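The values are calculated or read from the model by the stated rules, or taken from the named source; none is laboratory data. It should be emphasised that the depicted structure is a prediction, and the values quoted were computed from it without experimental measurement. In this analysis, Cβ positions are derived from the backbone assuming ideal geometry, glycine residues included, and neighbour counts consider all displayed protein chains. Accessible surface is based on the protein model in full, side chains and every heavy atom, while ligands, DNA and RNA are left aside. Shrake-Rupley method; radii C 1.70, N 1.55, O 1.52, S 1.80 Å.
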Amino acid sequence: MAVSFAQLLTPVTEAEAEALLLALLEALGFPASSWKKFRVPRTFVRLFAQLYADSRTGFTNIVQSRLLGYARGDALTYLARHMFDRERAPAIPTEGVLLLTDDGGAPYDFEPGQLVVRVQGNDGIRYTNTNPTVQRLEVGGTLSLAFKAERTGSGHNIQPGTPLEFAETLEGVSVSAEADPGSGTWITTLGADEQSDESLIQACRARWATLGAGTEDAYRAWALEGAPTATKIRVYGSEITEPGIVLVLLANDSGSATIDEVNAADAVIQARRPVGMRSVGTSAASPNVVTINATVNTYLTRAAYLAALATNATQLQRDIQIGEPLYRTRIEALLHSPGSVRNVVLTTPASEPIITDEQIAIVQLGTITVNTLVRP
């Protein structure tokens, strides 16, 4: 029986294989439809059906592993490495600077790795201090300490102002994620999940563009090769620059790209840019930091509401693209997203759309301040 290429791409279940074998036996003159289950003839049919289903599934996996549009998981990793010279970017932990404030308990001396900070109501998001030497928090003072997430993944890229607490109570000391005025974030190294199948497929497909002479896809591929965590890339030519000048803008799942991402992408781009180009600039998209203030009437506890809001705000930031405006209705939907919300009053931002330059800016969520009114 001939099997088409389309059929090779579709695995066969044991039930489908058994039905096929019974139909073939009937066509050959065997009374297969009358064979009762668990009797010897039907048992042999089921055994052969299982073997056939397993062999077809294995063969389907082999076929799919050689096709970029179908390969997934480990098969895609090997295909990208050996056919496209692309490695799947590994997961990395978030690193950043948190602010410790003395409220009457200092002085304290902090050893490296002594402190564990977590998001309020969410013990799955935890950070440990990484200062190389002992650091002191003086009476009535503040101390900026470097922290690193205990796990890898983009879920630890929390927004500035997300409520934090110490895993073990530290009397008279509070901790917060304060945005740096320059970058608009507390994060110094962006946490990232292992590169997704979709992103790796995109990088492999863009590989062919690098054989050309400076196409838009080529610049995109070069930027991704240098900075795989730069998940948002826009390439501009003469529509916003002068002829012979290209501008490559980068952003990531937390907003504007980091300096390290820009430098890594630029190193690859400058090494491969076409001869004759006057200039190719690589830059982070201009961060348009949005501060949110609202009053929420919710049936949830404050801790439960804020924990869910922090997770959903991280997802919203991932979805926002370079040049995409952010409307108040979308912010209101974010504030409603934890569920069990009766009413939302959004006071800031007061106008829309929220973006300063649609061509080079990216909306970056800043501090989210919520006055939650818990109903009985």
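Within the accessible area of the stretch 273-376, what % is carbon and sulfur when the probe is 1.4 Å and the other protein chains stay in place?
Using a 1.4 Å probe with all protein chains present, the stretch 273-376 comes out at 50 percent carbon and sulfur.
Under 16 Å from a label point 7 Å along Cα→Cβ of Q315: give me every residue in the stretch 334-353 with its amide N that close.
Answer for the stretch 334-353: 334-341.
With a cap of 12 neighbouring Cβ atoms within 10 Å, and only residues DSSP puts in a loop, list the trypsin sites (Lys or Arg not before Pro) found in the stretch 238-312.
R278
Counting only other residues whose beta carbon sits under 12 Å from that of P90, what net charge do I get with K and R as +1, D and E as -1?
The answer is -2.
At a probe radius of 1.4 Å, what is the per-residue accessible area of Y327, in Å² to the nearest 10?
Here the accessible area works out near 110 Å².
Could you tell me the relative contact order of the chain? Use alpha-carbon pairs under 8 Å, at least six residues apart, and round to a whole percent.
It rounds to 14 percent for the chain.
So how tilted is helix 259-272 from the main axis of the chain? Cα-based, degrees 0 to 90, rounded to 10.
Result, in degrees: 60.
Placing +1 on the Cβ of each Lys and Arg and -1 on the Cβ of each Asp and Glu in the stretch 223-376, which of Y236, T258, A223 has its Cα farthest towards the positive end of the resulting dipole?
The listed residue farthest towards the positive side: T258.
Roughly speaking, what is the stretch gain from T291 to S55, that is 0.36 nm per residue apart minus the C-alpha to C-alpha distance, in nm to one decimal?
Between T291 and S55, full extension yields 79.3 nm more.
Return one number: the angle in degrees, 0 to 90 and rounded to the nearest 10, between the long axis of the Cα atoms of helix 73-84 and the longest principal axis of the Cα atoms of the chain.
90
About the Cα centre, and with charges only on the beta carbon of Lys, Arg (+1) and Asp, Glu (-1), how big is the dipole of the chain? Nearest 20 debye, please.
Charge dipole of the chain: 1580 debye, to the nearest 20.
Could you tell me the relative contact order of the stretch 1-133? Use alpha-carbon pairs under 8 Å, at least six residues apart, and round to a whole percent.
Normalised by residue count, the contact order of the stretch 1-133 is 17 percent.
If you fit an axis through the alpha-carbon atoms of helix 216-226 and take the longest principal axis of the Cα set of the chain, what angle between them do you get, 0 to 90°, nearest 10?
Result, in degrees: 70.
When Lys and Arg each count +1 and Asp and Glu each count -1, what net charge do the other residues less than 12 Å away from R136, Cβ to Cβ, add up to?
Net charge around R136: -4.
With each label point set 7 Å from Cα along the Cα-Cβ vector, what nm distance links T142 and D109?
Spacing of the two 7 Å Cα→Cβ label points: 2.5 nm.
Beyond 14 Å, what share of the Cα-Cα pairs of the stretch 250-332 remains, rounded to the nearest whole percent?
When every Cα pair of the stretch 250-332 is considered, 73 percent fall beyond 14 Å.
Quick one: putting +1 on the C-beta of Lys and Arg, -1 on the C-beta of Asp and Glu, what dipole do you get for the stretch 1-113 around its Cα centre, in Debye to the nearest 20?
Using Cβ point charges on Lys, Arg, Asp and Glu, the stretch 1-113 gives about 1300 debye.
Calculated FRET efficiency, R272 and I245, Cβ-Cβ r, R0 25 Å, to nearest 0.05?
Efficiency at R0 = 25 Å is approximately 0.90.
Taking a probe of 1.4 Å, how large is the accessible area per residue of the stretch 135-225, in Å²?
Ligands and nucleic acids excluded, the figure is 47 Å² per residue.
Any idea of L306's accessible area? Nearest 10 Å², probe 1.4 Å.
Approximately 20 Å² of L306 is accessible to the 1.4 Å probe.
Heavy atoms only, 1.4 Å probe, whole protein assembly: order R42, R342 by accessible area, highest first.
Order by accessible area, largest first: R342, R42.
Would you mind working out the magnitude of the charge dipole of the stretch 142-202 relative to its Cα centre, with +1 at each Lys and Arg C-beta and -1 at each Asp and Glu C-beta, to the nearest 20 Debye?
That gives the stretch 142-202 a dipole magnitude of about 160 debye.
Which of the following values of Cα Rg over 2.2 N^0.38 Å was calculated from the structure shown: (i) 1.05; (ii) 0.95; (iii) 1.32?
Correct label, based on the coordinates given: (iii).
May I ask you to list the chymotrypsin sites (Phe, Trp or Tyr not before Pro) in the stretch 1-108 that are in a DSSP loop and have at most 12 other Cβ atoms within 10 Å of their Cβ?
F38
What longest region of the chain stays clear of GluC sites (Glu not before Pro) that DSSP places outside H, G, I, E and B and that have at most 13 other Cβ atoms within 10 Å?
Longest stretch, sites excluded: 1-137.
Enter the accessible area per residue of the stretch 1-110 (Å², integer; probe 1.4 Å; all protein chains in place).
Here the residues of the stretch 1-110 average 62 Å² of exposed surface.
What full-extension length gain, to one decimal in nm, is calculated for R151 and E26 as 0.36 nm per residue of separation minus the Cα-Cα distance?
39.2 nm
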